[in-house]
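What follows is a set of notes on a single structure, which appears directly below.
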Amino acid sequence: MTLTTALNDLDVIRWDDKTSRLSLLDQTRLPMEIVRLDCSTVQQVWDAIVKLGVRGAPAIGIAAAYGVCLAFDPSEKLSLAEVKQRVDNAIAHLASSRPTAVNLFWALDRMRSVAANARDVASLWSALVAEAREIHSQDRKLCEAIGKHGAARLIDFRRFLTHCNAGALATGGIGTALAPIYELHRQGLATEVYADETRPLLQGSRLTAWELSRAGVPVTVITDSMAGSVLRAGKVDAVIVGADRITARGDVANKIGTYPLAVLARYHNVPFFVAAPHSTFDLAKVSGDEIPIEEREASEILGVAGWGSCGVAPEVFNPSFDFTPAELVTAIVTDLGVIESPNEDRVRALIGK
C-alpha cells in the first residue's frame, strides 16, 4: 500500500451529495474496528464531536461545517427567515461542543457569513454545502503545505517523538505534525517515530501508531512517562506536535501532556516543533492563560484506571489540554511558512496578513 493510498483510504470525513448526509470514521473504535458514524442531524454531529468520534482541531472544524448543512432540508416549506434561524441555532449548538480548538469557531464563522449573505432558501443550502466542501478541500491543501514547509525545516532530522494524534485522522488531509514526517518519507528519507501513548484515551497508541504503520513509517509506542528516558538516551532528534489553538505570541494549546514534553525537550537540548495551519491561530488572544481549557468526564480516567465499576472513586481532574509557552517552542510550522523562535511580532507578521 502506497503512502497516498494508505492516507486516502482513511476517508475520515465524507459528505454524500445523493443523501445529503455526513459520514465520519468513528475514532473511538479504532484500531480494533473500522466503523462509520452516519449523521443526518445537527445533534448527531454534535454528539460525534463531543464523544470524540471525530477529533483533531481541523477535522472538528470540517465536520461542524458539514453539520450546519444538516440544519434544514431545502425541500421543506420554510421561509428564508426561518431557515436562517435554524442555521444560527445549529451554529450556536455546534460551537458549544468543544471550547479549546479554535478551528471549530473559524469554520463556523465562515458558515455564518454564507448564511448572512443568502437571498433565498435554495441558494442558501447550496452555498452552505459549497462552503463546507471548500473548508474541507482547503484543509487538504493546508496540510500539504505544512508537510512541504516542515520537511524543508526538518530535513536533517530522522527520529521524531510525537504526542497524541495530529495526522490524517485529525484533519482533512495528511495531518499537521505528521505531515512533515509523511513528506520526508515520501522523499525516500528514512524516518522513525516514537509515539507517546497519550493518556487517558490513548490517541497516540491507538491512532498515531496505527496510522503510521498503515503508511509504512516505522513507529514505536511508549507511555507518556517514558518520554524523558527516551530523550535522555539520545533516541530522538526532534519533537513535533500539533495544536488546537495558538495565541498571538505563539503560546500553544495542545493535548494534555504536551507542556511537560516541551520542558523535557528543552532540558535535553532537543528541538521542539509545533505544526498547525493558519486557522489554528487566535490572534485575539496573546497569552496561553487566555485559552479556554476543556475539562472532560472523570469516567475517561476512572475506566482506564479500573475504578469504573466501583461504587466509590477518587476525585478526578481531567483537563483535555495544556498550553506550552512560546519560549519552549523552537519553531511553528504553518501552511504559510515557518515561524522561528515564535513571538508576537513574528506571529503577527506571518499570520496577521
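When every residue of the stretch 137-146 is checked against the conditions, none turns out to be free of Cβ contacts under 8 Å to residues at least 40 places away in the same chain and surrounded by 21 or more Cβ atoms within 10 Å (Cβ to Cβ). Give the number of residues within the stretch 234-280 that are assigned to a loop (DSSP other than H, G, I, E, B) and under 12 Å from Phe160 (Cβ atoms). Residues that pass the stated criteria total 5. Looking across the stretch 330-350, the residues that are in a loop (DSSP other than H, G, I, E, B), under 14 Å from Val252 (Cβ atoms) and more than 18 Å from the chain's Cα centre (by Cα) come down to Thr330, Ser341, Pro342, Asn343. Only one entry of Asp47, Asp73, Asp38 meets the criterion of being part of a helix (DSSP H, G or I), charged (D, E, K, R) and not assigned by TED's automatic domain parsing to the domain that holds Arg206, and that entry is Asp47. For the stretch 25-43, the set of residues classified as crowded, with 18+ Cβ neighbours inside 10 Å and under 18 Å from Leu128 (Cβ atoms) consists of Cys39, Val42, listed by residue number.
On the stretch given as the stretch 72-96, residues that are surrounded by 21 or more Cβ atoms within 10 Å (Cβ to Cβ) and in contact (Cβ under 8 Å) with a residue 40 or more places away in the chain total 5.
Selection of the stretch 157-192 for residues being over 22 Å from Leu30 (Cβ atoms) and either in a loop (DSSP other than H, G, I, E, B) or within 9 Å of the chain's Cα centre (by Cα) (or both) yields Phe157, Arg158, Gln187, Gly188, Leu189, Ala190, Thr191.
For the stretch 213-261, the set of residues classified as under 19 Å from Leu154 (Cβ atoms), over 16 Å from the mean Cα position of the chain (by Cα) and either among the β-branched types (Val, Ile, Thr) or buried (at least 24 other Cβ atoms within 10 Å of the Cβ) (or both) consists of Ala215, Val217, Val219, Thr220, Val230, Val236, Val239, Gly250, Leu261, listed by residue number.
So is Ala64 small (Gly, Ala, Ser), touching a Leu at 6+ places or on another chain (Cβ under 7 Å), crowded, with 23+ Cβ neighbours inside 10 Å and on the phi < 0 side of the Ramachandran plot or not? When the stated conditions are applied, Ala64 passes them.
Only a single criterion out of (1) within 20 Å of Gln44 (Cβ to Cβ); (2) among the charged types (D, E, K, R); (3) not in a helix (DSSP H, G or I) is not satisfied by Arg133, namely (3). Within the stretch 4-34, restricting attention to residues that are outside any strand (DSSP E or B) and more than 20 Å from the chain's Cα centre (by Cα), the residue that is modelled with the lowest pLDDT is Thr5.
The values are calculated or read from the model by the stated rules, or taken from the named source; none is laboratory data. Note that the structure is predicted; figures quoted are calculated from it, not measured. Quick reminder, even Gly has a Cβ in these numbers, built from the backbone with ideal geometry, and neighbours come from all protein chains shown.
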